[in-house]
Amino acid sequence: MRGEKLSDAIFYDKLNLLKKDFIGYIERNTEKVDANLPVFYGHVISALENSFPGILDESYDEFIDHITFEVLNASGNSSDPTYINKVIRNAVRFKKRKDAETGVNIVVGLKLVKVGDYAHAIDFLKKYRNLDAKIGTALAYCYHALSLRDYKKTDVSSESNRPGEMELLARETMLTLARTPAPVNQVKQLELDDPSFLEKIFWQMIFLGLEWFPSERWFIEAGLENAALTSDTDMRKRLLDISSERFYNDIHFLRVMFYYYLDNRDAGGAAGVLNHLIRQYPDNLEPIYLGLKFSLLTKKKITYHSFRKLANVKGMPDPVIYLFDVAFNLLNKEKAEAFNCLAEFEKEFPHLFYYITTVRYIANDFSSADEAQVRKAKKALIDSIDHYCREELRKISSPAKKLP
């Protein structure tokens, strides 16, 4: 492979294949790896550099982190501090970036969480609690798990109901996450082959956070973001139900709920959210914009023209209305009318010729005899118009009304 330039897709496929080969080797030769860590890591580095001579430092270090997690995951010595430090030393010495210890400490900490060694896991994770919400919730979980152990050892009859030190630390960690929000799923070391244990911990602590601090909206926001990233529809619905009770007038959660109903083709639910949004935010263009999008789904002329009239009254930018006219006509198979709208659009806004040309090119595919091509054209048109219109609305929105 030396000198060969790979596309990104082929590169990552080959890199994942090499990773799987090493994981299989580790599982079959755990004791041999443990006894010869410097030699094993030497083989890893040799294979990585020979197979991927131009690999970026970031990808190089991430590969070592993944292998390190698997070494610890397979070993029977992973609860031995001496052994852990030996693994860390061998992993760090081969890494290229200045923050070499960060990734290794995170994977070691996560491994210790996985095996239930919460006290030692805390030492490795606490410095990185704000790098990613899942690291922060894993740290909070360690404190919480230790508090449960302390509770079992306590003579409950002689104690008050006040939380102990470990539970207070768990609560403090969750409150800090809510007040200084960490990103969700941003740290590469969290992309484990089996992240299910981390997912369970994340959700457990999110719902505990909602129990401890019911007015903190971040727990719902982070949960919804994670549910979207992991395609967890059940958790998405559960959190939306909570948000509708605690933050029923919040435009952010109403927006997410609207898209939830759209994704599930629930026109009645989406219409209900729209009506609520328009009542609560009569001077905001976003609910009207969402209504126009809703009309594209229903394809009902009376619904579309109702929202179109409202858009004109409320001062929706003309290019946005023109584009929705084009999309609505195309989706209703009124192609001549759609192209007439495009011609008017071009006449009114010649400076947008570059974008009108793109829309016209996509619109031509609506006449294709290939249904798959038509479906692709519909998605491309809606995605393109959505992106353009949101940018237009951002320009005229105040910070408080900004679209996501």
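Read through the list (1) at pLDDT 90 or above; (2) touching a helix residue (DSSP H, G or I) at 6+ places or on another chain (Cβ under 8 Å); (3) among the β-branched types (V, I, T), then give the number of the only condition that T298 fails.
Condition not satisfied by T298: (1).
Restricting to the stretch 93-102, and then to whatever is outside any loop (DSSP other than H, G, I, E, B) and either polar (S, T, N, Q) or open to solvent by 20 Å² or more (accessible area, probe 1.4 Å) (or both), can you tell me which residue is nearest to V187 (Cα to Cα)?
T102
Report the residue count in the stretch 309-337 for those that are surrounded by fewer than 17 Cβ atoms within 10 Å (Cβ to Cβ) and either touching a strand residue (DSSP E or B) at 6+ places or on another chain (Cβ under 9 Å) or over 23 Å from I278 (Cβ atoms) (or both).
6
Which residues, counting only those in the stretch 54-83, are more than 24 Å from the chain's Cα centre (by Cα), under 21 Å from P195 (Cα atoms) and among the hydroxyl-bearing types (S, T, Y)?
T68, S75, S78, S79
Within the stretch 230-248, identify whether any single residue is β-branched (V, I, T) and under 17 Å from the mean Cα position of the chain (by Cα), and answer yes or no.
Yes, the conditions are met somewhere in the stretch 230-248.
Residues of the stretch 343-370 being open to solvent by less than 30 Å² (accessible area, probe 1.4 Å) and under 35 Å from the mean Cα position of the chain (by Cα), which ones?
L352, Y355, I356, V359, I362, A363, F366
Can you find even one residue in the stretch 53-62 that is without any contact (Cβ under 8 Å) to a residue 24 or more places away in the chain, more than 25 Å from Y141 (Cα to Cα) and among the charged types (D, E, K, R)?
Within the stretch 53-62, not a single residue is without any contact (Cβ under 8 Å) to a residue 24 or more places away in the chain, more than 25 Å from Y141 (Cα to Cα) and among the charged types (D, E, K, R).
Scan the stretch 267-306 for residues that are under 21 Å from P317 (Cα atoms), buried (at least 16 other Cβ atoms within 10 Å of the Cβ) and not hydrophobic (A, V, I, L, M, F, W, C) and report the count.
Adding up the residues that qualify gives 10.
Do you know which of the residues in the stretch 233-245 that are charged (D, E, K, R) and in contact with a Gly (Cβ under 9 Å, 6 or more places away or on another chain) is nearest to F207 (Cα to Cα)?
Within the stretch 233-245, the first condition is being charged (D, E, K, R), and the residues that meet it are 234, 236-238, 241, 245.
Remaining after also requiring in contact with a Gly (Cβ under 9 Å, 6 or more places away or on another chain): 236, 238.
Details: R236: 13, R238: 10 Å.
Once the filter is applied, the top-ranked residue is R238.
If you check F207 against the conditions, is it within 30 Å of Y128 (Cβ to Cβ), free of Cβ contacts under 8 Å to residues at least 60 places away in the same chain and buried (at least 17 other Cβ atoms within 10 Å of the Cβ)?
Answer is no for this residue.
In the stretch 103-133, what residues are in contact (Cβ under 8 Å) with a residue 60 or more places away in the chain and open to solvent by 10 Å² or more (accessible area, probe 1.4 Å)?
The answer is K114, and nothing else.
If N340 satisfies all but one of (1) of a type in the set (S, T, N, Q); (2) open to solvent by 20 Å² or more (accessible area, probe 1.4 Å); (3) touching a helix residue (DSSP H, G or I) at 6+ places or on another chain (Cβ under 8 Å), what's the number of the condition it fails?
N340 satisfies every listed condition except (3).
Taking the options S306, S295, name whichever one is in contact with a Phe, Trp or Tyr (Cβ under 6 Å, 6 or more places away or on another chain), among the hydroxyl-bearing types (S, T, Y) and under 19 Å from L274 (Cα atoms).
Of the residues listed, the single one that is in contact with a Phe, Trp or Tyr (Cβ under 6 Å, 6 or more places away or on another chain), among the hydroxyl-bearing types (S, T, Y) and under 19 Å from L274 (Cα atoms) is S295.
Being among the small types (G, A, S) and farther than 14 Å from L177 by Cα narrows it down to one residue among A145, A138; which is it?
When all the criteria are applied, what remains is A145.
The values are calculated or read from the model by the stated rules, or taken from the named source; none is laboratory data. Nothing here was measured: the structure is a model prediction, and the numbers come from that model. When we count neighbours, we look across all protein chains shown, and the Cβ atoms used for this are built from the backbone with ideal geometry, even at glycine. Accessible surface areas use protein heavy atoms only, side chains included; no ligands, DNA or RNA. Shrake-Rupley method; radii C 1.70, N 1.55, O 1.52, S 1.80 Å.
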